[in-house]
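One structure is given below, encoded as structure tokens.
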Amino acid sequence: MVQKKEFLYEGKAKKIYRTDDPAVVLVEFKDEATAFDGVKKDRLEDKGILNNRLSALFFSLLEKQGIETHYLKTVSEREMLVKFLEIIPVEVIVRNIAAGSLSERLGIPEKTELKKTVLEFSLKDDQLHDPMINHYHIYAMELAEPEEMAEIERIALKVNQILVPYLKEKNIVLVDFKLEFGRHNGKILLGDEISPDTCRFWDSSSGEKLDKDRFRRDMGGVIEAYREVLRRLEENDTPAVD
């Protein structure tokens with residue numbers, strides 16, 4: 001069994017540890033919640049447990065559909081083993097319905113269904129507040145090669161094609177979501193997490209928000225919303241914990 005070793009890195013929502021296998025790291029999901037570049041902070045009990053479980057479910061689903069991810073297995077209620085990635089510092093935002101910053105920037109009313117799925121890119125840099133960038137910036141800054149970006153876009157759109165109908169069956173609308181990618185043995189793999197922290201989920205019937213917007217907007221019921229998403233997803237698929 002792979003053994004957890006020294007601490008490697010801490011982000012807003014996760015801690016990363018080395019293991020005795022240099023190709024594998026351990027991810028620990030934290031209960032801390034942040035918004036607006038860390039200006040708003042709180043601790044939400046069990047958030048890390050829920051996001052660990054949800055990410056495992058999503059990664060397992062995508063793997064079954066041919067999407068290669070960094071996920072290997074869940075090892076505890078808030079820890080998973082993943083392949084070590086050389087992270088590409090480009091966040092990919094996939095948008096199906098206008099919400100959040102897209103509505104604010106372009107004046108498109110929230111809840112407007114977009115005629116075509118929109119991909120946006122931002123520089124993964126907390127100090128710069130993750131500014132939006134385009135392909136010209138990416139290539140000028142040598143963040144990724146054109147063929148890598150083509151693969152990233154292909155995967156992002158495929159993930160959307162898989163998750164939209166899957167979540168629709170769970171009475172959940174996938175409004176938008178953020179993905180991160182990295183290099184592993186010369187291949188581009190999907191990394192980070194997929195959870196209500198990184199996605200906008202709306203109840204299909206009521207329009208109720210089931211994601212981090214409840215924290216951003218002081219709506220309350222954050223953990224209850226996360227639990228509800230997990231309940232709906234786990235009805236038919238529950239990854240085992242070793």
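Nothing in this text is a laboratory measurement; each read-out follows from the coordinates by a stated rule. As the structure is a prediction and not an experimental result, all values here were calculated from the model. No Cβ is skipped: glycine too gets one built from the backbone with ideal geometry, and neighbour counts run over all protein chains shown.
Values for this structure:
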| read-out | value |
| --- | --- |
| Choice from Thr112, Thr198, Thr74 showing the highest fluctuation, given a GNM over the chain with Cα pairs closer than 10 Å | Thr112 |
| Cα centroid separation - the range 44-84 against the range 209-238, whole Å | 16 |
| Cross-link pairs Lys40/Lys111; Lys40/Lys209; Lys116/Lys178; Lys12/Lys187; Lys4/Lys209; Lys64/Lys170 - those with Cα-Cα distance over 28 Å | Lys4/Lys209 |
| Square roots of five times the Cα gyration tensor eigenvalues for the range 99-217, Å | 26, 18, 14 |
| Along each principal axis, Cα extent of the chain, largest first, Å | 50, 43, 37 |
| Residue-by-residue Karplus 3J(HN,Hα) for the range 178-194, coefficients 6.51, -1.76, 1.60, Hz, glycine and proline x | 10, 10, 10, 10, x, 9, 9, 6, x, 10, 8, 10, 6, x, 6, 8, 10 |
| Whole-number percent relative contact order across the range 80-133, with pairs defined as alpha carbons under 8 Å at least 6 apart | 35 |
| Inter-label distance, nm, simple model (7 Å from Cα along the C-beta direction), Gln3/Ala23 | 2.0 |
| Electrostatic dipole magnitude of the range 86-219 [Cβ: Lys, Arg +1; Asp, Glu -1; Cα centre; debye, to 20] | 580 |
| Three-way shape label, the range 1-89, alpha-carbon gyration tensor, a/c 1.5 | prolate |
| Long-range amide H partners of Ile194 with built H, under 5 Å | Ser55 |
| Label-point gap, in nm, between Leu157 and Glu142 - each point 7 angstrom along Cα→Cβ | 2.9 |
| Cα-projected label distance for Asp37 with Leu119, points at 7 Å along beta-carbon direction, nm | 2.7 |
| 5 angstrom amide H check on Phe84, placed H, neighbours 5+ away | Val24, Val25 |
